[in-house]
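Working notes for the structure below.
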Amino acid sequence: MTKKTNKIANDSGLKLKPETWTDILANYKGPEDFADIWSTLKKGVIERMLEGELDHHLGYPKGCRTISDNARNGSSSKTVLTDTVL
């Protein structure tokens, strides 16, 4: 019988610099701070993913002009609901 193990592999090529972790964990005092840090990390990742998706959809990055009618026309606050549980 083969035992299943859960592994989290970093095969994505994502490499975070030590300074990044230092910045992220600068205010970490203990387990009670984990939820705030996790929420901040999750928010940043989701925002970058949505920005990348919009760049791809429109065909140009933020800050560039376009001659197309399909253009950025400002931004507004959005709420993203997740089922993440700590």
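The values are calculated or read from the model by the stated rules, or taken from the named source; none is laboratory data. Because the structure is predicted, anything quoted here is derived from the model rather than measured. Cβ: placed from backbone, ideal geometry, glycine included. Neighbour counts: every protein chain shown.
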Qualifying positions in the stretch 29-69 - surrounded by 10 or more Cβ atoms within 10 Å (Cβ to Cβ), in a loop (DSSP other than H, G, I, E, B) and either under 12 Å from the mean Cα position of the chain (by Cα) or modelled with pLDDT under 80 (or both):
Thr66
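Among the residues of the stretch 36-86, which ones are among the basic types (Lys, Arg) and in contact (Cβ under 8 Å) with a residue 40 or more places away in the chain? Working first, answer last.
Of the stretch 36-86, the ones among the basic types (Lys, Arg) are 42-43, 48, 62, 65, 72, 78.
Of everything in the stretch 36-86, just one residue is among the basic types (Lys, Arg) and in contact (Cβ under 8 Å) with a residue 40 or more places away in the chain, namely Lys42.
Could you say whether any residue in the stretch 36-50 is on the phi > 0 side of the Ramachandran plot and not hydroxyl-bearing (Ser, Thr, Tyr)?
Our first condition is that a residue be on the phi > 0 side of the Ramachandran plot; within the stretch 36-50, this holds for none.
Within the stretch 36-50, none of the residues are on the phi > 0 side of the Ramachandran plot and not hydroxyl-bearing (Ser, Thr, Tyr).
Can you find even one residue in the stretch 2-19 that is of a type in the set (Lys, Arg), surrounded by 10 or more Cβ atoms within 10 Å (Cβ to Cβ), part of a loop (DSSP other than H, G, I, E, B) and modelled with pLDDT under 80? Show your work before the answer.
Taking the stretch 2-19 first, the residues of a type in the set (Lys, Arg) are 3-4, 7, 15, 17.
After this cut, where a residue has to be surrounded by 10 or more Cβ atoms within 10 Å (Cβ to Cβ) as well, the list is none.
No, because not a single residue in the stretch 2-19 is of a type in the set (Lys, Arg), surrounded by 10 or more Cβ atoms within 10 Å (Cβ to Cβ), part of a loop (DSSP other than H, G, I, E, B) and modelled with pLDDT under 80.
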